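Below: one structure, written as structure tokens.
The values are calculated or read from the model by the stated rules, or taken from the named source; none is laboratory data. The structure presented is a predicted model; accordingly, all values stated were derived computationally and were not measured. Every residue, glycine as well, gets a Cβ built from its backbone with ideal geometry; the counts of neighbours run over all protein chains shown.
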Amino acid sequence: MHIVILVLVEVLVVIGLSRLVGLGFRSIKQPLVIGEIVAGIMLGPSLFGLVAPHVAVTLFPPETIPFLNVLSQVGLIFFMFLIGLELNPKYLSGQLEVAVLTSHVSILVPFSLGTLLAVVLYPLVSNASVSFTAFALFLGAAMSITAFPVLARIITESNLQGTRLGTLALTCAAVDDVTAWCLLAVAIAVARTGDFAGAVPTIIESIVYIGFMLTVGRWFLQGLAKHYQRAGRLSQLVLAGIYMGVVASALITELIGIHLIFGAFLLGAAMPKNEDLVRELAVKTEDFVLIFLLPIFFAYSGLRTEIGLLNRPELWLLCALVLAVAIAGKYFGTYIAARVSGINKREASALGWLMNTRGLTELIVLNIGLELGVISPLIFTMLVIMALVTTFMTSPLLEWTYPKKLIRLDLVEPESEAETEINLDTEDITAENETHPRSYRILVPVANPNSQKGLVQLAVALAQPAVGIALNYRQQAVVHPLSLIEFEEDYAFESTPVEADRLIAQRRQQLQELINTLEPPETRSYVHPIVRTSSNVARETAQIAALDQVDLILVGWHRPAFSSNRLGGRVGQILTTAPVDVAVFVDRGSERLESLLVPYSANIHDDLALILALRLLINHETCMLHILHVLPENRLNDELSYELDMMIEQLPSSVRDRIEIKVVQAPDPIQAVVEASKNVDLTIAGTSRTWGIERQTLGRYTDQLAIQCRSSLLITRRYSQVTAHLASLIPEVSNQEPTTQELRS
């Protein structure tokens, strides 16, 4: 009983630390799985055992390790089943001839270099009990592997799944995955029998079993898919049968002489790819496997990874050599093959970095090699470091080689003309400005299309003049409702490229339904939705705003999960990080825009509030604007009215006549604004200390006016005084947009 309790405590520590470190790695734009692997290494002799050896031995005594091994093996079996389940034939439909050549060369080159490296390493880090053939095969397989799951998630998070590069990378990785697992099976067979000749019967039996699973097994599983279509759900009885099949298939491949994981992978690959069946099966299986079992596997691997074994400079040089061979072999093999196939230099380079992703798949290979005794703990540690470095470097090198502004130009099949329009890069926008002024752009993050019609309707009101209003100068304005589908887990089924495409299409349809409800109907043609996947909504919103050169981000308020602050959470992050002007809309449900209130206190954020109010005033001829300048008691007028008069003089008389400026003295400015807000439809106020809306310490905002305001409220934060929000309506006014310096002069 003592051992069971200790194992449960170990599991508690492992899961908690893996989640914590994993989230830390996600914050630096790295896959969650890398953090979980690092967490496992931290629990081993490389850190925990080094810093507190007695505590480490007490927490992870040798007698508990077999229990962790059993749990990790169960986790690997079902994880490999999930990988096979997600290996969709759709990934093999794009540029297959190019992909087959590229993937096989990307395996052949690092495999060959790995075999040559084995000549150097074998006498230094191996022993006579291991045949050179088995050692060379394992080292070559370790150099050749690409982690298809990690690569697929990187492609999804980078929104590459709809591009030529993403399609080619997925196809290459899928072909690579199948080929590499076959090579590994051969390596295991050779390692268990001692030489290649002895492994021939095992290889033949493996081929027979693969043929059986892809014919008879697939035929039987097709019957399962038909049953699912009739039933419409996956019952516990059917699920039990599938899990029994996973375990049985794993046992068969183990008895054949390769490894448990191959049988599980093969059953997953043979499963019919009915979208609903695969989705439900993956969702029912993955949570327990990914949250509970896989971290135990990482901890088990970490307990066997001892970086302290690299205790001499020459060993670190060998480790650097292993890393260099792994990176160079995979990168140059992929790059050269891609260039020969006609792929341009930038895409070939990006493909090379993507194929260098090794991640968890590499860790599985290394653990098998260590269990069989083919590789020593020393070379195991070197290869674990190689797996981490090659995976860690993928995202930054991909961004450097293939930045997001180029990704948007590389869509294989643009969804629509509107989608094509938003994929203009900076050069296209510059060329557009040379011929005619750039369109006024508003980006509207929409978390829930079913409840944020008011937000999009306000954006349309800001962007376009009402029907029937004639201006001397008019420029096209565009509203981009932005819906970001956030994936919090690296290996979750919903973040696979095929499932991500389905979710994107579903969200785009929801946005289109929202657009179809906007009034008047003529404005709908100016509303072009953007749908993306993302691992960080605030960061992605800021990046899209910068790349698309939007003039304003209009975001709806939502209450953060762990705070009552209206300007906290993602809204606060966007206010803090977005490199453009931002407005936060607190919707009280009023659909009218007949009366506007701008409380003014002469700072750049109130300047933006006034400018946006003027834009609404110009766009809507029935709208009235009330400018309320609140002065403390016993303070004289600071001639602000004179400055406003100078700007208002530039407006057409039809607009000028609808502006009322009121200067009041009050001991409490906020209460004066709250009282005035009772009689208007929309109050527009800057993030100002005067209105109880300001940035304070620890990234927190206060929101006193947001709480007390009786009308809908638009809170503005100005980023740059260069942005001319009135230029697209009346160019003369844009030259007179007020700044704090002018208003205080």
Legend entry - Boolean, Leu363 is touching a residue at least 60 places away in the same chain (Cβ under 8 Å), within 16 Å of Val109 (Cα to Cα), in the same structural domain as Ile107 (by TED's automatic domain parsing) and part of a helix (DSSP H, G or I): no
Legend entry - helices (runs of 4 or more DSSP H) (entirely within region 208-273) containing at least 2 residues that are hydrophobic (A, V, I, L, M, F, W, C), out of contact with any helix residue (DSSP H, G or I) (no Cβ under 8 Å at 6 or more places or on another chain) and farther than 21 Å from Val74 by Cβ: 218-231
Inset, instruction - Looking only at region 73-123, count how many residues are surrounded by 22 or more Cβ atoms within 10 Å (Cβ to Cβ), under 30 Å from Val9 (Cβ atoms) and of a type in the set (S, T, N, Q). - result: 0
Inset, instruction - Please work out if Phe111 is closer than 25 Å to Phe81 by Cα and assigned by TED's automatic domain parsing to the domain that holds Ala348. - result: no
Inset, instruction - Examine region 5-23 for a residue that is farther than 22 Å from Ala264 by Cβ, at pLDDT below 90 and either of a type in the set (Asp, Glu) or surrounded by fewer than 22 Cβ atoms within 10 Å (Cβ to Cβ) (or both), and state whether such a residue exists. - result: yes
Legend entry - Residue among Pro377, Pro414 that alone is modelled with pLDDT of 90 or more, surrounded by fewer than 16 Cβ atoms within 10 Å (Cβ to Cβ) and farther than 23 Å from Gln30 by Cβ: Pro377
Inset, instruction - Answer yes if at least one residue in region 658-666 is at pLDDT 85 or above, in a loop (DSSP other than H, G, I, E, B) and in the same structural domain as Arg689 (by TED's automatic domain parsing), and no otherwise. - result: yes
Legend entry - Every residue from region 594-611 that is touching a strand residue (DSSP E or B) at 6+ places or on another chain (Cβ under 6 Å), among the hydrophobic types (A, V, I, L, M, F, W, C) and not in a strand (DSSP E or B): Leu608, Ala609, Leu610
Legend entry - helices (runs of 4 or more DSSP H) completely within region 1-109 that count 2 or more residues being without any contact (Cβ under 8 Å) to a residue 12 or more places away in the chain, out of contact with any helix residue (DSSP H, G or I) (no Cβ under 9 Å at 6 or more places or on another chain) and within 30 Å of Phe487 (Cα to Cα): 2-27
Inset, instruction - For region 197-207, state whether one or more residues are in contact with a helix residue (DSSP H, G or I) (Cβ under 8 Å, 6 or more places away or on another chain) and outside any helix (DSSP H, G or I). - result: no
Inset, instruction - Could you tell me whether Glu347 is assigned to a helix (DSSP H, G or I) and under 20 Å from Val125 (Cα atoms)? - result: no
Inset, instruction - Any chance you could count how many residues in region 287-305 are farther than 29 Å from Val51 by Cα and in contact with a Phe, Trp or Tyr (Cβ under 6 Å, 6 or more places away or on another chain)? - result: 1
Inset, instruction - Taking Gly308 as meeting all but one of (1) surrounded by 21 or more Cβ atoms within 10 Å (Cβ to Cβ); (2) under 30 Å from Pro53 (Cβ atoms); (3) of a type in the set (Gly, Ala, Ser), write down the number of the exception. - result: (1)
Legend entry - Residue count, region 202-243 (criterion: under 30 Å from Ser129 (Cα atoms), in contact (Cβ under 8 Å) with a residue 40 or more places away in the chain and surrounded by fewer than 14 Cβ atoms within 10 Å (Cβ to Cβ)): 0
